[in-house]
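Asker: Have a look at the structure that comes next, please.
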Amino acid sequence: MLTIGLFGFGCVGQGLWDVIHRTHGLRSRIARIFVKDKHKARPLPQSAFTFERHDILNDGSINVVVELIDDAEAAFEIVSAAMRNGKAVVTANKKMVATRFRELLELQRESQQPLLYEASTGGSIPIIRNLEEYYDNDLLSGVEGIVNGTTNYILSKLSVNNEANYYDVLHDAQRLGFAESDPTLDVDAWDAAYKTVVISAHAFGAVIHPDDVVRRGIATITPFDVAVARSHGCDIKLLSRTSLHNNKLIAWALPTFVPHTDMLAHIENETNAIRLHGAFSDDQLLIGKGAGAHPTASAVLSDIAALKYGYRYEYKKLFQNDIPQFNTDISTRVYIRGDESHLKSIDFIDVEIDHKANNNRYLIGRTSMRALAESEPFISSECFIAIV
């Protein structure tokens, strides 16, 4: 019997409660739930909850801790204490995993307890388990995809209605529950960057920091940018990509012009999709819901079920001899819309298109990823940048 102590009872926590009680063959139960707010109305009796984390962490009858809170620092404290107390842990906290990856590796080694986090990266898509088990020996050249449901919802609506305003669509996403009241982590691509870090470790054995990921969000997009992409036969998507170039690793989370002939261009709303480029398996595309109580809870449930069989990540690629080195000196084709002073500051290798029209000017050309990340337009609140 898996006896679970649950931290957090928000959208995903309530979804997990529901799916566990509808999955009768799992032989597991949630014994206690830790929450902070004593006065919030909840759909369960008060006796199901505790307001002291040690009621779970020090309970010898609880052998699994599921951590589903938003605070990455508090989550790390909970996860650390649980594992040191001999409890297996399942978490969905992508920021904690991405920023504390090496510490969590050492914690697993010291405690000999498993830490599983499938729900942190692809929503309902089982990407980590696939990378660990199916692709552990296949030579991957890249992993890319749509890993943030909020931005994909916004970009899908902007693509359908070329006159739509970014902020109007964002407010609509917030009203529907697809975006937080503070959407910064999503729209500034931090969420995608955290997930890129996790994917990089399991796909290539490279442990990088979120600050290493070349990252820019979608908040400066305008109907003009959407129209330019469409004129080139593309839709704009926020993509996470980790790829190898001569055993050098590049990782980014950036808006991208995706051709209409590419299946990723047709992934809409809060759906996620991750494509793997393998030397032997060729390209494979995994598609699934990237947001919502039940889709995310399904990934958490999968990790809980795996614990019944003693499953843990082996991190096979972290111990290979030829772990790739992180590098940003790789050329890429980019679209940059901004004023003349911004565009002149980019160190282009070559310029294919220099377009001027009324109040909008854009360039499409080739530059290095390093030069792009260090450029003035990259940090400007007026320019829009996308990989082409």
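The values are calculated or read from the model by the stated rules, or taken from the named source; none is laboratory data. Quantities reported herein were computed from a predicted structural model and do not represent experimental measurements. Don't worry about glycine lacking a Cβ; one is built from the backbone with ideal geometry, like all the others, and counts go over all protein chains shown.
Asker: Among the listed residues GLY292, GLY310, GLY288, identify the single one that is closer than 30 Å to VAL89 by Cα and touching a Ser or Thr at 6+ places or on another chain (Cβ under 6 Å).
Answerer: GLY288 is the lone residue from the list that is closer than 30 Å to VAL89 by Cα and touching a Ser or Thr at 6+ places or on another chain (Cβ under 6 Å).
Asker: Consider GLY60 carefully, then state whether it is at pLDDT 90 or above and within 22 Å of LYS95 (Cβ to Cβ).
Answerer: The answer is no for GLY60.
Asker: Checking the condition surrounded by fewer than 24 Cβ atoms within 10 Å (Cβ to Cβ) and outside the structural domain of ALA82 (by TED's automatic domain parsing), which residue from GLN112, GLN174 passes?
Answerer: GLN174
Asker: Test SER240 against the stated conditions and say whether it is in a helix (DSSP H, G or I), surrounded by 24 or more Cβ atoms within 10 Å (Cβ to Cβ) and of a type in the set (Gly, Ala, Ser).
Answerer: No, not satisfied.
Asker: I'd like the residue in segment 83-120 that is more than 16 Å from the chain's Cα centre (by Cα) and touching a residue at least 60 places away in the same chain (Cβ under 8 Å) and, out of all such residues, is farthest from LEU2 (Cα to Cα).
Answerer: This residue is ARG102.
Asker: Let me ask something else. One residue is enough: does segment 322-329 have a residue meeting the conditions within 16 Å of ILE221 (Cα to Cα), assigned by TED's automatic domain parsing to the domain that holds GLY205 and surrounded by 12 or more Cβ atoms within 10 Å (Cβ to Cβ)?
Answerer: Looking for residues that are within 16 Å of ILE221 (Cα to Cα), assigned by TED's automatic domain parsing to the domain that holds GLY205 and surrounded by 12 or more Cβ atoms within 10 Å (Cβ to Cβ), one finds none in segment 322-329, hence no.
Asker: Still on this model: Looking at ILE62, ILE30, which is the one that is surrounded by 17 or more Cβ atoms within 10 Å (Cβ to Cβ) and closer than 19 Å to GLN112 by Cβ?
Answerer: Result: ILE62 is the single residue among ILE62, ILE30 that is surrounded by 17 or more Cβ atoms within 10 Å (Cβ to Cβ) and closer than 19 Å to GLN112 by Cβ.
Asker: Run GLY86 past the list (1) in a loop (DSSP other than H, G, I, E, B); (2) closer than 17 Å to VAL300 by Cα; (3) at pLDDT 95 or above and report the number of the one that doesn't hold.
Answerer: Among (1) in a loop (DSSP other than H, G, I, E, B); (2) closer than 17 Å to VAL300 by Cα; (3) at pLDDT 95 or above, the lone unmet condition for GLY86 is (2).
Asker: Among the residues that make up segment 330-338, is at least one of them of a type in the set (Gly, Ala, Ser), on the phi < 0 side of the Ramachandran plot and outside any loop (DSSP other than H, G, I, E, B)?
Answerer: Checking segment 330-338: at least one residue is of a type in the set (Gly, Ala, Ser), on the phi < 0 side of the Ramachandran plot and outside any loop (DSSP other than H, G, I, E, B).
Asker: Looking at (1) modelled with pLDDT under 95; (2) farther than 15 Å from ARG100 by Cα; (3) small (Gly, Ala, Ser), which is the one condition that is false for ALA206?
Answerer: Condition not satisfied by ALA206: (2).
Asker: Of all residues in segment 315-356, how many are modelled with pLDDT of 90 or more, out of contact with any Gly (no Cβ under 8 Å at 6 or more places or on another chain) and aromatic (Phe, Trp, Tyr)?
Answerer: Qualifying residue count, segment 315-356: 1.
Asker: Just to be sure I understand, how many residues within segment 339-369 are part of a loop (DSSP other than H, G, I, E, B), among the β-branched types (Val, Ile, Thr) and either within 25 Å of the chain's Cα centre (by Cα) or surrounded by fewer than 14 Cβ atoms within 10 Å (Cβ to Cβ) (or both)?
Answerer: The number of residues fulfilling the criteria is 1.
Asker: Residue check: is LEU244 under 30 Å from ASP354 (Cβ atoms) and either in contact with a Pro (Cβ under 8 Å, 6 or more places away or on another chain) or modelled with pLDDT of 95 or more (or both)?
Answerer: Criteria not met by LEU244.
Asker: Determine, yes or no, whether THR271 is in contact (Cβ under 8 Å) with a residue 40 or more places away in the chain, surrounded by 20 or more Cβ atoms within 10 Å (Cβ to Cβ) and either touching a His at 6+ places or on another chain (Cβ under 6 Å) or over 30 Å from GLY5 (Cβ atoms) (or both).
Answerer: yes
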